[in-house]
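For reference, the structure is listed below as structure tokens.
The values are calculated or read from the model by the stated rules, or taken from the named source; none is laboratory data. Not measured: the values here are computed from a predicted model. Neighbour counts are summed over all protein chains in view; Cβ atoms, including those assigned to glycine, are modelled from backbone coordinates with ideal geometry. What goes into the accessible areas is simple: the full protein's heavy atoms, side chains included, and nothing from ligands, DNA or RNA. Shrake-Rupley method; radii C 1.70, N 1.55, O 1.52, S 1.80 Å.
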Amino acid sequence: MSNFETWLAELPSNAATGLARADAVWEQVRSQTLPRRQVLDETVTALGMDAETAWDGVIAGGTLGIVLGLALVQRGWRILVVERGALQGRSQEWNSSRLELGELLSLGLLTPEELEGVIASEYNPVRIKFDGGKDYWVRDVLNVGVSPTRLLSVLKEKFLAAGGVLWEKTAFESATVHPDGMSLILKKLGDRAPVGAGVQGSADAYRNIGDADKKSDQKDQEISQFEQIQARLLIDAMGHFSPVVRQVRGDTQPDGICLVVGTCATGSKGEFGKNDTADLIATTGPIVGNKKSAHQYFWEAFPASSGRTTYMFTYVDASPDRPTLKQLFADYYEQMPAYQGVTETPDQVWRSLEVKRALFGMFPSYKNSPLLAPCDRLIFVGDSSGCQSPLSFGGFAALLRHLPRLTDGIHSALATKKLDKKSLNELQPYQPNLSVTWLFQQSMSVKPGDTPNPQGINILLDRVFGEMAIAGDAILKPFLQDVVQFPALSIALMRTAFAAPLMVTGLVPRLGLPALTTWMGHYLSLGAYDVLDRTLGQLQADDNFRLQQWQAAWRYGSGRDYHS
């Protein structure tokens, strides 16, 4: 057994088993064997929905769904939030900034005092650094660590106090769309007592599952039961691997994957001893791997309340030759000490550090996003919708950014009974400011079979970020917060083209003319949305649902919702 494998086996919370499970899913993605089943059906038969007992909205997935749930309950809607486990968050902090967190204040979900209470760490400045290039520093970007445990505890308490209902240890099983409503089957996992006002049903309402399912569930020593409820709207907040998303996307492979590994640890050497600044994105070496699976490693590092969190990540596609998460973790084990400024051998460094937790995961992204619902009475939010940049790890900051738009849109849809798929899909519009970032993701990855300059990605990114830094925070900071705006992007492109014309023209054969042509369409659309928001975006929409959604699409699609 290698030193890495010995270290892996000793990590807390049985991390080695969790890593093996995550790798099994990654293998299923690469081999296109990820299991899926029919969980969503439609029928022309009327449900005969009981208006007195039916929910206005059921949110499946409580970790991020509770945020939207509270916003809707405060608007007067009867909302049920369903969470597969206990709604308690995790110990690892969510990195955001006060800009995004301000949406929780503007919507009245948290008071200023409550917001301060859920912030676990705050630091400045943060660094951008590419191997062989300069250090670029910026303030107030991803510089706040939010405690998920504290945040969800506060939101849960306020949600219940406002009249919302939470069912923990309850999984979404299936849904049938009727002309007059939706019928949902939920699966009880273990002991579950519904929490909140206006609880629907009781223990007598459950019916036992079949023997085959019983045998399956006995493997986990769980007693599962089904319950049927009625709702006007299903809000899928179950994340990238939602069973509904799997059914809708079918055999479509992700267009991009971000693989991430890391730890949160404490120590007294190198940056662990300082632990007062962060790395937003950094590299320490060239492209690695073989011709079939070359990839560039990137790093992030953040102070945390319980230590220093360091991530190593890479952007790849889902081809079979891509590395496993375990292989990435082994490289992380070898390279992290040098990245954090510790000169001893990796084995010596890891023996001197106390690892609090291990981190690993995969984040798929699709060009066909945001994901549109195939039927009435369904909407995807958060990671389920794919409504985040392909450069991002997850959707916490993206959900916060879109929270006012989604809250207003869903409230209006429920109030005006615009629950058909055409109307609801207008809440998930095309956003050119997200689509243009696909070219950036492609420029940070290597296609299988390509043999680029080993330092090519570092040289390109150092030049681009250098020009944005010279142009100032008004250009750089929105981009770092996944908000691309037409004026800022145009300035950055022109500066880079003038400063390094040969490097820019050299991208054409590597990225390919079709990709560049598609990108140009998104870029021109970004400009058009900017003009539309500046002109028609200020028109009084009154109760015109469609105009309201168009105006929101122009504003968010142009990045003009961003404010410093």
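Please state the relative contact order of the chain as a whole percent: Cα pairs under 8 Å, 6+ residues apart? Please report the intermediate quantities before stating the final value.
Values: 1045 pairs, mean separation 89.3, N = 564.
The value is 16 percent.
Per-residue HN-Hα couplings for region 280-286, Karplus 6.51 cos²θ - 1.76 cosθ + 1.60 at θ = phi - 60°, whole Hz, x for Gly and Pro?
Whole-Hz 3J(HN,Hα) from phi for region 280-286: 7, 7, 8, 10, 10, x, x.
By how many degrees, between 0 and 90 and to the nearest 10, does the Cα long axis of helix 456-471 differ from the longest principal axis of the chain?
80 degrees
For the chain, find the longest principal axis of its Cα atoms and tell me its angle to the long axis of helix 148-161, 0 to 90°, nearest 10.
For 148-161 against the chain, the angle is about 20 degrees.
Compute from the Cα atoms of region 438-515 the Rg and the Dmax, the latter being the longest Cα-Cα distance, and quote both in angstrom.
12.8, 38
Could you please report the charge total around residue 12, scoring K, R as +1 and D, E as -1 over all other residues with beta-carbon less than 12 angstrom from its beta-carbon? Write out the running numbers ahead of the final one.
Values: positive: 356, 357; negative: 10, 354.
Every neighbour counted, the sum reads 0.
Using 7 Å Cα-to-Cβ label points, what is the residue 515/residue 288 separation (nm, one decimal)?
2.2 nm
In µm²/s, what is D for region 13-123 at 37 °C and 0.692 mPa s, where D = kT/(6 pi eta Rh) by Stokes-Einstein and Rh is the Kirkwood radius from Cα pairs?
179 µm²/s
Determine the equivalent ellipsoid of the chain by diagonalising the alpha-carbon gyration tensor, then write out the semi-axes as square roots of 5 times the eigenvalues, largest first, rounded to whole Å.
Result for the chain: semi-axes of 38, 30, 23 Å.
Among the listed pairs 134/477; 129/274; 188/367; 156/188; 367/422; 156/187, which are separated by more than 23 Å between their Cα atoms?
Too far apart for the 23 Å limit: 188/367.
For residue 59, what residues show an amide H to amide H distance below 5 Å, using hydrogens built from the backbone and excluding near sequence neighbours?
Sorted by chain and number, the residues that satisfy this are 80, 81, 82, 235.
Using per-residue counts of other Cβ atoms within 10 Å, averaged over each peptide, order 495-502, 518-525 from highest down.
Top to bottom by mean Cβ count within 10 Å: 518-525, 495-502.
Non-local amide H neighbours of residue 304 (under 5 Å, H modeled in plane, Pro and chain starts lacking H): which ones?
309
Seen from all sides and averaged, what is the projected area of the convex hull of the Cα atoms in region 240-359, in nm²?
8.8 nm²
On the accessible surface of the chain, probed at 1.4 Å, how many percent belong to carbon and sulfur atoms? List each step's numbers first, then the result.
Values: 12380 of 23670 Å².
Carbon and sulfur atoms account for 52 percent of the accessible area of the chain.
Working from Cα positions, state the angle (0 to 90°, nearest 10) between the long axis of helix 545-557 and the longest principal axis of the chain.
The angle comes out at about 20 degrees.
Reachable aspartates and glutamates from residue 421, Cα under 15 Å, same-chain residues fewer than 8 places away excluded?
Within reach: 41, 42, 180, 236, 376.
When the helices in the chain are scored as -39500 (n - 2.57) per DSSP H run of 4 or longer and the sum is shared across all residues, what 222 nm value do you end up with, to the nearest 500 deg cm²/dmol?
-12500 deg cm²/dmol
Give me the one-decimal nm value for the distance between modelled label points at residue 474 and residue 150, 7 Å along each residue's Cα-to-Cβ direction.
A separation of 3.5 nm, rounded to one decimal place.
Accessible area per residue, 1.4 Å probe, Å², for the chain: what's the number?
Numbers: 23670 Å² over 564 residues.
For the chain, the per-residue accessible area is 42 Å².
Tell me which trypsin sites (Lys or Arg not before Pro) from region 117-178 have a DSSP coil assignment and no more than 16 other beta carbons within 10 Å of their own.
When the trypsin sites (Lys or Arg not before Pro) of region 117-178 are filtered for loop state and at most 16 Cβ neighbours within 10 Å, 134, 139 remain.
Got a sec to turn the phi values of region 417-427 into Karplus ³J(HN,Hα) couplings, 6.51 cos²θ - 1.76 cosθ + 1.60 with θ = phi - 60°, whole Hz, x for Gly and Pro?
6, 8, 10, 6, 5, 4, 5, 5, 5, 6, 7
Could you sort 326-338, 444-456 so that the peptide with the highest average Cβ count within 10 Å comes first and the rest follow in order?
326-338, 444-456
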